[in-house]
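Bear in mind that the values in this text are calculations on the coordinates, not laboratory data. Note that the structure is predicted; figures quoted are calculated from it, not measured. Because the Cβ atoms are built from the backbone with ideal geometry, glycine has one as well, and the counts that use them run over all protein chains shown.
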Amino acid sequence: MVRPGMGSFLVFVGLRGTAAELALPSTNFWLYPHNDLDGMMSRYAALSREDVPDNLAMMFITFPAAKDPTYQERHPGRSCMTLLTMARYEWFEEWAGTRAKHRGAGYQQYKMAIAQRLLERALRRFPQLRDKV
């Protein structure tokens, strides 16, 4: 039987202000805690679900609003940021077979713990966004 592989966890962040006002770059950023990527991912993949929020490995940051010339026409005065990290199926397996928006408080708390850590890390890299989320 084929088992699920490594997936991803995304956070979509709305920002008050245009890409120009917030000095959002149109490039993507991969942030790593160190250069041993294979070791980092092996250790990360071996984490228990409970250890993940405090031990996030890599993350990806992009600003779609800074890349889309029509964004301001559709969303005046706003922009957005997308954050991504890797996630194992097993960390969310408890909720397999459940319906979206019906997974309970534990699921929401777990997702928000990861999302908050990713956001904190992104705001360290882009401090001008701290009061714009």
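Determine if region 10-18 includes at least one residue that is over 22 Å from residue 112 (Cα atoms), within 18 Å of the chain's Cα centre (by Cα) and of a type in the set (A, V, I, L, M).
No; the residues of region 10-18 include none that is over 22 Å from residue 112 (Cα atoms), within 18 Å of the chain's Cα centre (by Cα) and of a type in the set (A, V, I, L, M).
Of all residues in region 1-23, which are free of Cβ contacts under 8 Å to residues at least 60 places away in the same chain and farther than 30 Å from residue 92 by Cβ?
20, 21 - these are the residues of region 1-23 that are free of Cβ contacts under 8 Å to residues at least 60 places away in the same chain and farther than 30 Å from residue 92 by Cβ.
Here are some conditions: (1) crowded, with 16+ Cβ neighbours inside 10 Å; (2) among the hydroxyl-bearing types (Ser, Thr, Tyr); (3) under 17 Å from the mean Cα position of the chain (by Cα). Residue 71 meets all but one. Which one does it not meet?
So residue 71 meets the others, but not (3).
Looking at 18, 85, which one is in contact with a helix residue (DSSP H, G or I) (Cβ under 9 Å, 6 or more places away or on another chain), part of a loop (DSSP other than H, G, I, E, B) and closer than 21 Å to residue 130 by Cα?
Matching residue, one of 18, 85: 18.
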